Each structure stands twice: as C-alpha cells, then as structure tokens.
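Data block below; observations after.
Every read-out reported here was derived from the displayed coordinates using simple, explicitly stated rules and does not represent laboratory data. Since the structure is predicted, the reported quantities are computational estimates derived from the model, not experimental observations. When we count neighbours, we look across all protein chains shown, and the Cβ atoms used for this are built from the backbone with ideal geometry, even at glycine.
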Amino acid sequence: MRILLSVITALFLALPAMAQDTATAPDRSATGGATTLEDIMARQRGEQIDQSYRRENTGDPDSAAGMASQLGTLGGASDPELWRALRFGSADITVSSGGEVASVLIQDGGMSWLQFRQGPLAKYGGYLLLGTIALLLVFFVLRGRVKLDSEKTGRTVTRFKTFERASHWLLAGSFILLGVTGLLTLFGRMFIAPYISKEFNATLLLASKFIHNNVAWAFIVALIAVFFLWVWHNIPNRTDITWFAQAGGIIGSKHPPAKKFNGGQKIIFWSVILLGSSISLSGVSLLFPFELPMFMKTFDLMRSVGIESLPIYGPLPIGLAPHEEMQYAQAWHAIVAFVLMAIIIAHIYIGSIGMEGAYDAMGSGEVDEAWARQHHSLWLEELEAKGKAAPKDATPAE
C-alpha cells in the first residue's frame, strides 16, 4: 500500500514538470527542426532556451546538415572567432574566381569611409570653398580692382600663343566640369534629392558620372601639355623673393619686377601641376578599381623612413583590403580636389574682375604694353632686347 501511494505521489508531482517541458518545447516540424517564432519570442522574454537543436542534426532527411557540410535551414553554432577573422581579413579564404578582391567577405571599413564622406569631407570641404569666396569678396570690397597705373599705350605684346591658350582653356574647362560634377556627386543627396526629387538627383548623378569619367582624360592631357609649355618659366628665382616681400604690389607704391610668370603665378602653376597630378593618379586608380593600389605602398614607404603615424589621422594601417584601397583613393581624390578648387577660385578672381587687363592674356593673347611693363617688366625688357615687342598693327613675333 505504501509503495502504491509513493508511485501515485511521484506521478502527481511529475505532471507539472512534464507539462512545462511540453510547453517550452515548440513543435519544429514545420521548420524542419529550425528556429520557430516561439523560440524567438522566448529569447526576447529572457527565458532559457535549449539550444541543442541548433547544433544537432536530427537525422530527418528533410532537415539541413551541420555547419561542416552546408549552411542550410538549421544554421549552425555561432563561431565568433571565424566571424572576427572574416571581418578583419585574417581568415583563410579560397575562391574559385575573382582573385583577392572576391576573398574579402566582410569589409566594415566602408562605414568609416561613408561617415567621413558625409561628415568631415562635406562639411570642411564646403567651408573651404565658401570661405575662399567670402575672403575674395572682402578683399574686393577693401582693395578693389587692381588697375593700371598709367594709360594704355595702344601697343600690344603677345603674351600667349594660340596653342598655349588652347591648352590652358582645355585644362580650365575640364577642371570646372570635373569640379561641378564632383560636387554634385557629393552634395546631391544632401541638397538636391530632398528638395527637388530623388529621381532628378539620380538622373543628374548618372550624367555627372559619365561626364566626370570621360572629361578626366582631357584634364590629364592638358595638364601634361601645360607642364611642358611653362615649366621653364616657373622655376623659382630671386625675383620671386622681392615679389613676395611686396605682396605682388599690394605693399608699397611700386609693382615688383617679374619675368613671364611672377611669384604668385608660380604658386598657381605648381599647385595645379602637383595637386592636379595627385588627383589624376587617384582618379585613374578609381577608374580601374583594384588595378592600381597606391596607399599601402605609400604607408609602407612612410614607415620605412620612421613615420609611424600622422596628425589627426593616427597610426598608419598595417594592411589594407582591396576595397579599402579604393576608399582611401576616393577620400584623397576629394580632399586634394577641394584644395585645388579653392586655389583655382582665387586664380579665376585675379584673372577676371580682380585685375584690369589680366583676362586679355588668355583671351586674345595680346596684352597692352603698359600692362606688361607694370606687372612683368623683366619679361617685357627681354622681349624688347630681342626685338619681339611689336606695335599693335604689326605681326607679333612672340
């Protein structure tokens, strides 16, 4: 009798536990043994869930195999070390095609690039251009237009030949197109899509991309031509010291002597050549993705001379994924372009409304003798010594 009562009591106490096990073990037949909505809701409520079903193959032919065989409906046990290796490019990945680029399965550097592009690049790049324009407006109000000190003589000197002017305008025109399309690409999502329409912005970006990628070649050709045309005239010399000491004539009552290019024009020239070359190299790298990596080699070279970190940027990276090379190329391309755009804005100001007679040099190629004597006296004296400074009606020899 006592044994019978003990068995009945044990069964009675076991019933709630059996009922609880039944309640917390969802029917997974509909999912082939995989996670169900009940499992997900239980985890969200903080309940303890038996995870063995995720690691074990039930033997059901309709269920998926384990992680070692395939990644199917059952999934597999989480492997943080594997995902960490995938994320940081240290996993041993083998691909059948695509090379090194295809072996990168996770590359989270894109988020840093996107945040930089939408944040500091757009912010400070925009401030640089707007600040440059504002300073030029203030300078124009305070200083006014640089005018000739004497009346025009009516006699002209050929400042630039036809091929020189054509090279200049090809370089200038292509750079303006590249700058405008680049700005539309960067700022279109911020200022065009929200206020006009996303469709218009998308069409504009497609056109900008086409123009940017093709006009780039004209810029490179013109850059090479301008370099060989004027490099010999832009080598620094002692006259540049005097020119800078007088700030190009702003300080003092006389204009400093200068040859064909003065100190300020030499700064413009070398800025265009050096920054333009850098922009071109990074641009070609972007036009041919993953074919011309430059930055890891640059970082290695910097470390070889003892440079381990840079101000603001921090320590130099040890290794870069192919995608990171492209992100660095795009960021550098935009940064240098912003700097060069600011310099060119100042150049456009001086060559148009900032100085009387300056536009004639690249317009018709002929400048008045008075303008040449005021701004480039040494150059004019050389022409006169060679007999190449001719009256307006004569055929110029220079």
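Rg of the Cα atoms in segment 134-273, relative to 2.2 N^0.38 Å, amounts to 1.41. Remark: spin-label model distance residue 235-residue 95 equals 5.0 nm, labels positioned 7 Å along the Cα→Cβ axis. Counting charges near residue 109 (Lys, Arg +1; Asp, Glu -1) among other residues having Cβ under 11 Å from its Cβ returns a value of -2. Kindly state, to the nearest 0.05, the FRET efficiency for residue 162 paired with residue 302, given R0 = 56 Å and r defined as their beta-carbon distance. So the FRET efficiency works out to roughly 0.80.
Backbone geometry of segment 216-225 corresponds, through the Karplus equation with coefficients 6.51, -1.76 and 1.60 at θ = phi - 60°, to 3J(HN,Hα) couplings of 4, 5, 5, 4, 5, 4, 5, 4, 5, 5 Hz, x marking Gly and Pro.
Taken along the Cα-to-beta-carbon direction at a fixed 7 Å, the label points for residue 221 and residue 151 span 4.7 nm.
Ranked by the mean number of other Cβ atoms within 10 Å of their residues, highest first, the peptides 135-144, 91-100 come out as 135-144, 91-100. For residue 146, the residues whose modelled amide H falls within less than 5 Å of its own, excluding neighbours fewer than 5 places apart on the same chain, are 355, 356.
Close amide H pairs (under 5 Å, H built 1.01 Å from N) link residue 316 with 309, 310, residues at least 5 positions away or on another chain.
The Cα atoms of segment 88-195 cover 77, 35, 28 Å along the three principal axes, with the biggest extent listed first.
With θ taken as phi - 60° and the Karplus curve 6.51 cos²θ - 1.76 cosθ + 1.60 applied, the whole-hertz 3J(HN,Hα) list for segment 233-243 is 7, 10, 6, x, 9, 5, 5, 5, 4, 5, 4 Hz, x standing for glycine and proline.
Here the Karplus relation 6.51 cos²θ - 1.76 cosθ + 1.60, evaluated at θ = phi - 60°, turns the backbone of segment 160-172 into coupling constants of 9, 6, 4, 5, 5, 5, 4, 5, 4, 6, 5, 5, 5 Hz, with x for every Gly and Pro. Based on every Cα atom in segment 283-359, Rg and the maximum pairwise Cα distance Dmax equal 17.8, 54 Å. Spacing of the modelled spin labels on residue 214 and residue 339, each 7 Å from Cα toward Cβ, amounts to 3.1 nm.
Positive contributions from Lys and Arg (+1) and negative ones from Asp and Glu (-1), summed over other residues with Cβ under 15 Å from the Cβ of residue 137, come out at +2.
How big is segment 248-288 by the Kirkwood estimate over distinct Cα pairs, in Å?
12.5 Å
The order of the peptides 314-323, 157-166 by mean Cβ neighbours within 10 Å, most packed first, is 157-166, 314-323. Placing a label point 7 Å from the Cα of residue 277 along the Cα-to-Cβ direction, the residues of segment 216-256 whose backbone N falls under 20 Å of that point are 216-237. Under 5 Å from the amide H of residue 258 lie the amide H atoms of 377, 378, 379, each residue being 5 or more positions distant or on a separate chain, with H modelled from the backbone and absent for Pro and chain starts.
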